[in-house]
Amino acid sequence: MPDSTIEMIKQREIRFSALPPERQVAEEAMGVVSELHGVLYAAPSERRILTVHYDVSLITREFIDTLLRECGFHLDNTLMSKFTRALHYYTEEALRANLGVGDCCSNTHLQVYVNRYQQLRHGCRDRRPEHWREYL
């Protein structure tokens, strides 16, 4: 039994593009990734590299990468990085299929956008107390 749980926890390095050079991309991405259900650990190991530990039965690398792209992060697109990502996607998909784990992250995906929306400063917030909102 312990071997199967260790097999489900994956440690991956997510590499980001070198542009723009002055931006601390890994720290910014850590704020998005660490809130996901299934992510056990997320910390920048370098300025452009984010180390992530996650449970494959709850979330996949493909989902994390897609979410980061949708949030505006640019992943490293060197040939080696593309190959490594594709290998991780395939192995995790095969592992999940063998275990009979269904489609992941449907609720997690929505929750990330809700959390991100609540953290942004914008003019779409009602400053009135809760009991006053019923009145115009």
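Any read-out appearing in this document is the output of simple, stated calculations on the displayed coordinates, not a laboratory observation. This is a predicted model, so every value here is computed, not measured. For neighbour counting, all protein chains shown are included, and Cβ atoms are generated from backbone atoms with ideal geometry for every residue, glycine included.
A few notes on this one:
- Packing rank of 84-90, 94-100, where each peptide gets the mean count of other beta carbons within 10 Å, highest leading: 84-90, 94-100
- Calculated from backbone phi, Karplus (6.51, -1.76, 1.60) coupling profile of the range 17-30 in Hz, x at Gly/Pro: 4, 6, 9, x, x, 8, 7, 8, 5, 5, 5, 5, 5, 4
- Here each label is just a point 7 Å from Cα along the line to Cβ, and for residue 17 and residue 99 those points are 3.3 nm apart.
- Residue 132 paired with residue 84, simple spin-label distance in nm, labels 7 Å along Cα-to-beta-carbon: 5.3 nm
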